[in-house]
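Below is one structure, written out as structure tokens; the observations come after it.
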Amino acid sequence: MAGLIVVPILLWEVAVRAGILQSSLAPAPSAVVTAIRGLFEDGLLYDLRVTATYVIVAFLLALITGTVLGVVLAQSERVAQVVRGFLTFLLSIPKSLFLPLFILILGIGALQKIAFGVFSAFAVIVVATMVGISTVDQNLLQMARSQGASRAQMFVKVHLRSMAPTLLEAARIAMILNITGVLIAEMYVSREGLGFLISSYGQTFQVERLLGVIAITSLIGILFNEFLRWCDKRQNRWRGGV
């Protein structure tokens, strides 16, 4: 796995040093690493904290509200059929089309970035929750009812455990959409955050710094994705021991 990353980087470095690639357009990885050190010296941690705050808050809001709405919608098939069409519409169109509307309504502050992040990730969580509930083993539900379990206990002990793999997979996709939404919002109108840096360095042709910010952003996404993979493995072992 590491070779899939290391080998292309080494080939890239060699190609730049050999003059095959133009360093002004595709700077060597060593130059990007140097640029990353300069970014941290110039206060990158502040922009990183800003974007991370938006992303985390937006993700938690999307996860909580999306799960709750999915559970509510799953209780009525008629309502679910109506809403499913709207959710399919949201999933099939570029979210960036709605960004100017968010700016007009919410302005250009933190609320707009968070709201657009929630909007970008929300539909995936709702659909995953509805699908997860529909696949719960009815025999387990009947058994829980026969033992006098309350609705809350049934949700935690049966629904949530059965839905966990679907929800975790949806959470991974939702986080990617969430990060993308926040970055686009920052690139469009902002004076801080990683998205602002990407836009600024792109417009001023500071390619080394641009690639450095992109590399850091990608690393954050990869680490979160691997964290959710770890959670998935943990819950699989947990379910297996039940």
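Across all Cα pairs in the chain, the calculated P(r) in 10 Å bins from zero up to the longest distance comes to 7, 24, 27, 22, 13, 5, 1, 0 percent per bin.
The distance between label points at residue 52 and residue 72 comes to 3.3 nm (points 7 Å beyond Cα on the Cα→Cβ vector).
The distance between label points at residue 33 and residue 92 comes to 4.7 nm (points 7 Å beyond Cα on the Cα→Cβ vector).
Between residue 40 and residue 227, the simple label model (points 7 Å from Cα in the Cβ direction) yields a spacing of 1.9 nm.
Calculate, in nm to one decimal, what residue 105 and residue 81 gain on full extension: separation in residues at 0.36 nm each, minus their alpha carbon distance.
Details: separation 24, 0.36 × 24 = 8.64 nm, distance 2.94 nm.
Here the segment from residue 105 to residue 81 would lengthen by 5.7 nm.
Averaged over residues, the count of other Cβ atoms within 10 Å places the peptides 55-68, 210-223 in the sequence 55-68, 210-223, highest first. For the chain, the solvent-accessible area with a 1.4 angstrom probe is 58 square angstrom per residue. Take the Cβ atoms of residue 234 and residue 135, set R0 to 22 Å, and the FRET efficiency comes out at 0.60.
What a 1.4 Å probe finds exposed on the chain is 68% carbon and sulfur by accessible area, rounded to a whole percent. Considering only alpha-carbon pairs that sit under 8 angstrom and 6 or more positions apart, the relative contact order computed for the chain is 25 percent.
Within the chain, which complete DSSP H helices have Cα atoms spanning at least 20 Å along the helix axis and a mean Kyte-Doolittle hydropathy of 1.0 or higher?
Details: long enough: 2-17 (23 Å, 1.87); 44-74 (44 Å, 1.95); 77-92 (22 Å, 0.84); 110-134 (36 Å, 1.88); 160-188 (40 Å, 1.07); 207-240 (49 Å, 0.10).
Flagged H segments are 2-17, 44-74, 110-134, 160-188.
The values are calculated or read from the model by the stated rules, or taken from the named source; none is laboratory data. None of these values were measured; they are calculated from a predicted model. Cβ coordinates were reconstructed from backbone atoms using ideal geometry, including for glycine residues, and neighbour counts include every protein chain displayed. Ligands, DNA and RNA are excluded from the accessible area calculation, which covers all protein heavy atoms including side chains. Shrake-Rupley method; radii C 1.70, N 1.55, O 1.52, S 1.80 Å.
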